[in-house]
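Asker: Okay, here's the structure, questions in a sec.
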Amino acid sequence: MFLSEEIEMSDQPNTAYGVTGVKRYYSIGDTIARMGEPADGWYILLTGKIGVFKRDFTVAEIEKRGTVFGELGCILHRPRTATLQALEPTSVLFVQMDIDEVVEKHPEFAKRILVDLADRLTRTTDSWWSVAADPVEK
């Protein structure tokens, strides 16, 4: 999820966008979350770069500071839909808050998440249609 504004870090070391979590640090190649595992929280990228993988396929790379990721499983109460891996030394804010709490306590942030999810869905759909619309050579 690509938030349009620069990340809003507070004076509190474990807070971003007014949301509190736990800072976690990863080395190159470390797995942050594995596809199929229970989704017990989501992340905000503080520094570094993350690869998003489904089996052997790279779905995306996340490197914009402030990007929210790993939220889908928490919102849908489903296991992780992809594996997340550090592509370089990376720090994240790990947040354990379900969507009801985000909406209730952080409505502006919830709105940002909703808009960014809709944007990601649009980009994915457009990408899929551009491939699906290409004629297949025989």
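Each reported figure results from applying straightforward, stated rules to the coordinates on display, with no laboratory input. Source: prediction; values computed, not measured. A quick note on method: Cβ atoms are made from the backbone with ideal geometry, for glycine too, and the neighbour counts reach across all protein chains shown.
Asker: How large is ³J(HN,Hα) for each residue in segment 51-56, as worked out from phi by the Karplus curve 6.51 cos²θ - 1.76 cosθ + 1.60 (θ = phi - 60°), to whole Hz, x for Gly and Pro?
Answerer: x, 10, 10, 10, 6, 9
Asker: Ok, one more. Estimate the FRET efficiency between residue 15 and residue 57 by the formula 1/(1 + (r/R0)^6), using the beta-carbon distance for r and 35 Å for R0, to the nearest 0.05.
Answerer: Here the calculated transfer efficiency is 0.55.
Asker: Lys/Arg Cβ at +1, Asp/Glu Cβ at -1, dipole of segment 15-131 taken about the Cα centre: which of 47, 93, 20 is farthest positive-ward?
Answerer: The residue sitting farthest along the positive end of the dipole is 47.
Asker: Using the beta-carbon distance between residue 22 and residue 127 and R0 = 35 Å, what value does 1/(1 + (r/R0)^6) give for FRET efficiency, to the nearest 0.05?
Answerer: 0.55
Asker: What is the diffusion coefficient of segment 15-131 in µm²/s, taking the Kirkwood radius over Cα pairs and the Stokes-Einstein relation at 4 °C with a viscosity of 1.567 mPa s?
Answerer: Answer, rounded: 88 µm²/s.
Asker: Which net charge results when you count Lys and Arg as +1 and Asp and Glu as -1 among the other residues whose beta-carbon is under 15 Å from that of residue 41? Could the numbers behind the result be given before it?
Answerer: Details: positive: 23, 24, 34, 78, 80; negative: 37, 40, 71, 98, 100, 101.
Here the charged neighbours net out to -1.
Asker: About its Cα centre, how strong a charge dipole does segment 23-131 have in debye, to the nearest 20, once Lys and Arg get +1 and Asp and Glu get -1 at the Cβ?
Answerer: 180 debye
Asker: Would you grab the residues whose amide H sits under 5 Å from the one on residue 97? Only those 5+ places off in sequence or on another chain, please, with H modelled 1.01 Å from N.
Answerer: Placed amide hydrogens put 42 under 5 Å from residue 97.
Asker: Something else now. As an exercise, use a Förster radius of 30 Å and the Cβ-Cβ distance of residue 34 and residue 111 to find the FRET efficiency, rounded to the nearest 0.05.
Answerer: 0.50
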